[in-house]
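Undergrad: Please see the structure below; I have some questions.
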Amino acid sequence: MLIAVTMGSLGLTMAFIGVMGICAGAVYVLGFTILQESVDDELRGRTFATLYTLSRLCMLISLSLAPLASRLLDDVSNALVDGEIDVWNATLSVPGVRLTLWIGGAIILIAGGLALRAQRSSPKARA
């Protein structure tokens, strides 16, 4: 997502988003499989109900806060760097939308790293 947001052309952005979608779909299925394997039968229904509730709640919160964050970051970008920065002899536009998506991409990377760390440190992963 970080790379796709940084691209300047729609074609490249669509290519990166397509690859991201394919990978995200695979990880989604893998995550559900691991969760089904690691949860006892008595708790599986409650676990998945909680998962769905939390994921929908997070979606609602992100769809509510992202436009506000985008507008705030747009104002900050315009005030600090006039909405553009120079990178490797090229000018990169940094509107609030791009900054918001960069933050979202960073959150995804951090969450993935934490999930990987938790998976590697679990007793079942060592067995």
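Values in this text are rule-based calculations from the coordinates and carry no lab data. Just so it is clear, the structure is predicted and the values come from calculations on it, not from any experiment. Note: ideal-geometry Cβ built from the backbone for every residue, glycine included; neighbour counts use all protein chains shown.
Undergrad: Got a sec? Which of Gly96, Gly83, Gly112 is in contact with a Ser or Thr (Cβ under 6 Å, 6 or more places away or on another chain), surrounded by 11 or more Cβ atoms within 10 Å (Cβ to Cβ) and free of Cβ contacts under 8 Å to residues at least 24 places away in the same chain?
TA: Gly83
Undergrad: Just to verify a result, which residue in region 41-79, among those that are of a type in the set (S, T, N, Q) and closer than 17 Å to Gly31 by Cα, is surrounded by the most Cβ atoms within 10 Å (Cβ to Cβ)?
TA: Across region 41-79, the extreme among qualifying residues is Thr47.
Undergrad: Please specify each residue of region 27-40 satisfying the condition of being under 18 Å from the mean Cα position of the chain (by Cα), exposed (fewer than 11 other Cβ atoms within 10 Å of the Cβ) and not aromatic (Phe, Trp, Tyr).
TA: Correct list: Val29, Leu30.
Undergrad: Contact list please: Cβ distance under 8 Å, first residue in region 1-21 and under 13 Å from Gly105 (Cβ atoms) and touching a residue at least 12 places away in the same chain (Cβ under 8 Å), second residue among the basic types (Lys, Arg) and in a helix (DSSP H, G or I), pairs at least six apart or on different chains.
TA: Hits for this filter: Val5/Arg98; Thr6/Arg98.
Undergrad: When region 41-62 is examined, which residues are found to be hydrophobic (A, V, I, L, M, F, W, C) and under 23 Å from the mean Cα position of the chain (by Cα)?
TA: Correct list: Phe48, Ala49, Leu51, Leu54, Leu57, Cys58, Met59, Leu60, Ile61.
Undergrad: Could you figure out which of (1) aromatic (Phe, Trp, Tyr); (2) touching a helix residue (DSSP H, G or I) at 6+ places or on another chain (Cβ under 8 Å); (3) on the phi > 0 side of the Ramachandran plot isn't true of Trp88?
TA: Exception for Trp88: condition (2).
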